[in-house]
Amino acid sequence: SSKLTSASDDKKVIVWDTSTGAQLHMLEGHSGSVVAVQFSPDGSKLASASDDKKVIIWDANTGAQLHTLEGHSGWINAVQFSQDGSKLASAQESHSVEYKHRMPHPNVGHDGLCFGPRVFRKWLLPTN
């Protein structure tokens, strides 16, 4: 079945079945408004970004929370998976540049650098 997501100021992400209109999952884990959501290309994962400065990776089929990615200094307003689903870019509104080689989680790293009005992070996602 095809899926659709909605997110809002209530800090939740809802996954819907577009064929039936039924709610499949209500995903709770953010402490701030959820402002961006994105399915991985194969539809197996979902990334949500929030003004709580976190990106959460979810299992799109079960609704289980897989990973929490932290490192932004401001609210995150965009997320995008790479074409093969192994990487995730996240962006925040800022006029600074941030760059780190390794995030605290041993299996999740990030690299990348972007100049301009937004700070971008490129996350290398675990394969499990």
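Any idea how many residues of region 34-60 are assigned to a loop (DSSP other than H, G, I, E, B) and either among the aromatic types (F, W, Y) or open to solvent by less than 20 Å² (accessible area, probe 1.4 Å) (or both)?
Residues that pass the stated criteria total 2.
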Checklist line | L66, sole failed condition from (1) open to solvent by less than 40 Å² (accessible area, probe 1.4 Å); (2) not in a loop (DSSP other than H, G, I, E, B) | finding: (1)
Margin query: Just to verify a result, which residue in region 1-15, among those that are in a strand (DSSP E or B) and not small (G, A, S), is surrounded by the most Cβ atoms within 10 Å (Cβ to Cβ)?
Written below: V13
Next item on the list: Hey, can you tell me all the residues within region 16-32 that are within 18 Å of I57 (Cβ to Cβ), over 14 Å from the mean Cα position of the chain (by Cα) and open to solvent by less than 40 Å² (accessible area, probe 1.4 Å)?
Entry: H25
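The values are calculated or read from the model by the stated rules, or taken from the named source; none is laboratory data. Bear in mind that the values here come from a model prediction, so they are computed numbers and not experimental data. Quick reminder, even Gly has a Cβ in these numbers, built from the backbone with ideal geometry, and neighbours come from all protein chains shown. For accessibility, only protein heavy atoms count, side chains too; no ligands or nucleic acids. Shrake-Rupley method; radii C 1.70, N 1.55, O 1.52, S 1.80 Å.
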